[in-house]
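Step one of this worksheet: look at the structure below.
The values are calculated or read from the model by the stated rules, or taken from the named source; none is laboratory data. Since this is a predicted model, take the numbers as computed values, not measurements. Cβ atoms come from the backbone with ideal geometry, glycine included; neighbour counts cover every protein chain shown.
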Amino acid sequence: MISLQNVKKHYHMGEVLVKALDGVSFEIEKGEFVAIVGPSGSGKSTLMNILGCLDVVTDGVYALNGKKIREYDENDLAEIRNASIGFVFQQFNLLPSFTAIENVMVPLTYARVGRKAREVKAKTLLSSVGLGDRMTHKPTELSGGQQQRVSIARALANDPDIILADEPTGALDSKTGQEVLRLLQSLNRQGKTILIITHDMAIARYARRIIRLKDGLVESDTVNTEVNDDVQ
C-alpha cells in the first residue's frame with residue numbers, strides 16, 4: 001500500500017540546508033497498525049506531511065497504492081487526501097460553529113455526496129464511535145475525548161484506505177487517551193490501516209509495528225511483540 005524508497009526532504013533556512021529526511025525507506029502493507037516514533041527534530045512531522053500528501057519529496061519515491069505521488073499536481077493530491085487518507089489531529093480541528101454531524105459531513109460534501117446520503121453516513125459513523133446521542137452538539141459542548149471521536153468519525157467518512165493520526169491523544173487525559181487508542185485498535189481489527197505519529201513510546205506500544213526515526217533516518221523498524229491491547 002505504502003512504499004518509500006530513499007525518500008529525502010531538504011529545504012533551506014536562510015543559508016542553512018536542513019535535511020529533514022535524508023534517505024528513508026520502508027513499506028507498509030494494507031491492514032497494518034504502525035507507530036512512527038521520534039523526538040523533536042527527528043523528521044517525523046515532515047514524514048507525516050509526505051505520507052498524508054500534504055508535501056512532496058525532494059528526492060526518492062513515495063508511492064501510494066502503486067501510484068508515485070510526486071507525479072501529481074495539487075488538485076490531484078487534494079482528491080487523494082479526501083478519498084484515500086483520513087486525518088486525526090492532536091487538536092481535533094473541528095469546525096466550532098458546526099454540530100458533530102455537520103463536521104462529519106464535511107469530507108462527504110467535498111466528495112459530492114448528496115445531502116440525505118451524507119446525513120445517513122454521518123449518523124452511522126457517529127453511532128459507531130459511541131456518539132449516537134451527541135450528534136447535534138457543537139465541539140464546545142463535547143469533552144475532549146468526544147471531540148476526538150468526532151474527528152475519527154470524520155476521518156472515516158469517505159472510507160479511506162489509511163487513517164493517519166498525528167499525536168491523537170496529545171490533548172487528552174490518560175484515561176481518555178487510552179479509550180481513543182483502543183478505538184483505533186478496533187478500527188484496525190476491522191481492516192483499516194492505521195498510522196500513528198508520536199513522540200511517546202507508551203502510545204506507540206498500542207501499534208503492532210514501530211518505526212523509530214532519528215536525524216531524518218530510520219533508526220529501527222521492529223514488530224511490537226508486546227502490544228498494549230486489552231482485547232488480546
Would you pick out the residues in segment 33-52 that are assigned to a loop (DSSP other than H, G, I, E, B), of a type in the set (S, T, N, Q) and touching a strand residue (DSSP E or B) at 6+ places or on another chain (Cβ under 7 Å)?
-> S42
Working only within segment 209-228, note down all residues that are part of a loop (DSSP other than H, G, I, E, B) and surrounded by fewer than 18 Cβ atoms within 10 Å (Cβ to Cβ).
-> D215, N224, T225, E226, V227, N228
Between a first residue in segment 174-189 that is of a type in the set (S, T, N, Q) and a second residue that is part of a helix (DSSP H, G or I) and modelled with pLDDT of 95 or more, which pairs have beta carbons less than 8 Å apart while being 6 or more apart in sequence or on different chains?
-> T176/G144; T176/G145; T176/Q148
Under 7 Å between Cβ atoms, at least 6 apart or on separate chains: pull out the pairs that start in segment 1-14 with a residue that is over 7 Å from G60 (Cβ atoms) and end on any residue that is of a type in the set (D, E) and part of a strand (DSSP E or B).
-> I2/E27; S3/E27
Given the structure, is F87 outside any strand (DSSP E or B), closer than 19 Å to I152 by Cα, under 17 Å from the mean Cα position of the chain (by Cα) and modelled with pLDDT of 90 or more?
-> no
Collect the residues in segment 1-26 that are modelled with pLDDT under 95 and within 20 Å of T222 (Cα to Cα), keeping them in residue-number order.
-> M1
Is it the case that some residue within segment 125-136 is more than 25 Å from Q178 (Cα to Cα) and either among the acidic types (D, E) or in contact with a His (Cβ under 6 Å, 6 or more places away or on another chain) (or both)?
-> no
